[in-house]
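Before any comments, here is the structure.
The values are calculated or read from the model by the stated rules, or taken from the named source; none is laboratory data. Nothing here was measured: the structure is a model prediction, and the numbers come from that model. Backbone-built Cβ (ideal geometry, glycine too); neighbour counts: all protein chains shown.
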Amino acid sequence: MTTVAVRPHTIEKAVEAIDARRDEVVALTRELVGIPTVNPPGEHYQACAELVGERLRRRGFEISYVRAEGSPGDSDRYPRFNVVARHEGAAPGPCVHFNSHIDVVVPGEGWTVDPFAGVVKDGRVYGRGTCDMKGGLAASIIAVEALIDSGIDLPGTLEISGTADEESGGYGGVAYLAERGWFSKPRVDHVIIPEPLNVDRVCIGHRGVWWAEIETKGRIAHGSMPFLGDSAIRHMGALMERLEHELGPKLASRRSEMPVVPDGARTSTLNINSIHGGQPEPKEGLPAPIVADSCRLVVDRRFLIEEPLDQVKGEFVEILEDLARDRPGFRYALRELFAVEPTLADRDGPVAAATARAIQKVLGRPAQFICSPGTYDQKHVDRIGKLKDCIAYGPGVLDLAHQPDEWVGIDDMLDSAKVMTLAAMTLLTGAA
Ligand SMILES: [Zn+2]
């Protein structure tokens, strides 16, 4: 790595300049929140991508809009638009990329403010997506603009992207771009994803996910003579009993070496996502008296880096095969819906180390290294882009994501913007 001398005084000035952008970061966050990019179905992506793209075009960035044609959910009504903005420096060098998803989840019930008005109150901006993660996107834009405006002759390239569909798996967003080389060397070297993980924490990875649908089968009969049929729901009950008393305790006893937060997520977990058995319930009148011939269960299994995916699946198959052998009439089908391997970046790698050092400098306390209980777009950067030097770092409290009255702290946005500016400077110049 080449090292470019930058005077500490100039660096300090660039960081301090972020405080003067307080109103700007608030205004930008409010503008972004004002575009209701609700996913599903994936509304208004183009308007949001253009808000980011046109702003950065005026700052000298080269702008690309990429529609993820043919990706799940992409249609002329709901096109999957992504924006990538690129700013080349004075000399060749590495590329630091800030990636934010522009989609938000549905507001849901329980709001005391308009979820898309960007209400500013008590040092916070309220609204759907403020925390997850338009506040992080705004902070990264302010950080990069401050760096460019500092007048420091920085080598290398700064990139900012706003991508679709993170909330539904990222296939029309980062995965689509990664498959086309947008998240690989030599184009990109270091990636920071400003997901809401708190201003003093560096997130280096996440647990794995395995979703499956398990169906038990029965035989239909009249509900007054259940002995003439075979209830799929009772078979499912037998399976759930085994999951509860056998698999559950086993999973709870496994603890990861990965620093997953909150602590409860440091063990392996299983959520029964949904269960459907028998005939659909009629909206009016009484249900038909019928023995259920089918029952379906969706499991959401989050697993540790220490657990191979084969083992995760195998534990379900073993219980199901046991039941098929021992329980008269037990028949089942297992269908895998979705699988993501755990991801872990090197905490001593360039981007994690530079960000941790910047946190110490800006906040005056040591950074905490953590891993996320759920997945986010880092998986695509890692697996498809083959880029290991990727972390999540951004303002906002993770617990507020997807909740009513979601908010992001304005001071937190400014602090994280300072950290991003410093980290980017370190990565571009090679200075420690
Ligand atoms: Zn998010």
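In the range 100-124, which residue that is among the aliphatic types (A, V, I, L, M) and more than 16 Å from the ligand (Cβ to nearest atom) is farthest from residue 89 (Cα to Cα)?
Step one: list which residues in the range 100-124 are among the aliphatic types (A, V, I, L, M), which gives 102, 104-106, 113, 117, 119-120.
Next cut, more than 16 Å from the ligand (Cβ to nearest atom) only: 113, 117, 119-120.
Working: 113: 42, 117: 37, 119: 37, 120: 35 Å.
Only one residue fits best here, namely 113.
Go through (1) buried (at least 16 other Cβ atoms within 10 Å of the Cβ); (2) part of a strand (DSSP E or B) for residue 313 and report which single condition fails.
(2)
Matching residues to (1) outside any helix (DSSP H, G or I); (2) away from the ligand (no atom under 16 Å from the Cβ); (3) within 21 Å of the chain's Cα centre (by Cα):
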{"residue": "133", "(1), (2), (3)": "no, no, yes"}
{"residue": "136", "(1), (2), (3)": "no, no, yes"}
{"residue": "144", "(1), (2), (3)": "no, yes, no"}
{"residue": "152", "(1), (2), (3)": "yes, yes, no"}
{"residue": "176", "(1), (2), (3)": "no, yes, yes"}
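Inside the range 60-99, can you point out the residues that are without any contact (Cβ under 8 Å) to a residue 40 or more places away in the chain and either of a type in the set (A, V, I, L, M, F, W, C) or within 16 Å of the ligand (Cβ to nearest atom) (or both)? Let's see the steps before the verdict.
Residues of the range 60-99 that are without any contact (Cβ under 8 Å) to a residue 40 or more places away in the chain, as a first pass: 62-65, 67, 69-70, 75-79.
Of everything in the range 60-99, just one residue is without any contact (Cβ under 8 Å) to a residue 40 or more places away in the chain and either of a type in the set (A, V, I, L, M, F, W, C) or within 16 Å of the ligand (Cβ to nearest atom) (or both), namely 63.
Looking only at the range 1-47, filter to residues that are out of contact with any strand residue (DSSP E or B) (no Cβ under 9 Å at 6 or more places or on another chain) and among the polar types (S, T, N, Q); which one of those is modelled with the highest pLDDT?
Applying the filter and picking the extreme gives 10.
Being within 11 Å of the ligand (Cβ to nearest atom) and either in the same structural domain as residue 421 (by TED's automatic domain parsing) or among the basic types (Lys, Arg) (or both): is that true of residue 181 here?
no
Across the range 155-174, what is the number of residues that are surrounded by 23 or more Cβ atoms within 10 Å (Cβ to Cβ) and in a loop (DSSP other than H, G, I, E, B)?
Counting residues in the range 155-174 that are surrounded by 23 or more Cβ atoms within 10 Å (Cβ to Cβ) and in a loop (DSSP other than H, G, I, E, B) gives 6.
Which numbered condition in (1) part of a loop (DSSP other than H, G, I, E, B); (2) in contact with a Ser or Thr (Cβ under 8 Å, 6 or more places away or on another chain); (3) modelled with pLDDT of 95 or more is the only one that residue 181 fails?
With (1) part of a loop (DSSP other than H, G, I, E, B); (2) in contact with a Ser or Thr (Cβ under 8 Å, 6 or more places away or on another chain); (3) modelled with pLDDT of 95 or more applied to residue 181, the lone miss is (2).
Looking only at residues that are β-branched (Val, Ile, Thr) and part of a helix (DSSP H, G or I) in the range 324-358, which one is surrounded by the fewest Cβ atoms within 10 Å (Cβ to Cβ)? Spell out the reasoning first.
We begin by selecting, within the range 324-358, every residue β-branched (Val, Ile, Thr); these are 340, 343, 351, 355.
Still in the running and part of a helix (DSSP H, G or I): 351, 355.
Details: 351: 27, 355: 29.
So the residue we want is 351.
Of all residues in the range 185-194, which are over 22 Å from residue 348 (Cβ atoms) and in contact with a Leu (Cβ under 6 Å, 6 or more places away or on another chain)?
Taking the range 185-194 as the starting set, the residues that turn out to be over 22 Å from residue 348 (Cβ atoms) are 186-187.
Hits for the range 185-194: nothing passes.
Has the range 78-99 got at least one residue that is more than 26 Å from residue 422 (Cβ to Cβ) and basic (Lys, Arg)? Break it down into steps so the answer makes sense when it comes.
Step one: of the range 78-99, the residues more than 26 Å from residue 422 (Cβ to Cβ) are 78-82.
Of the ones still in play, those that are also basic (Lys, Arg) are 80.
Yes.
Would you mind listing the helices (runs of 4 or more DSSP H) fully within the range 1-106 where at least 1 residues are among the small types (Gly, Ala, Ser), buried (at least 20 other Cβ atoms within 10 Å of the Cβ) and out of contact with any Ser or Thr (no Cβ under 6 Å at 6 or more places or on another chain)? Don't jump to the end; show me each part of the working.
Working: elements: 8-16, 22-33, 45-58.
Correct list: 45-58.
Is there any pair with a first residue in the range 388-411 that is farther than 19 Å from residue 141 by Cα and a second that is modelled with pLDDT under 95 and away from the ligand (no atom under 12 Å from the Cβ) whose Cβ atoms are under 6 Å apart and which are 6 or more apart or on different chains, and what are they?
The qualifying pairs are 388/345.
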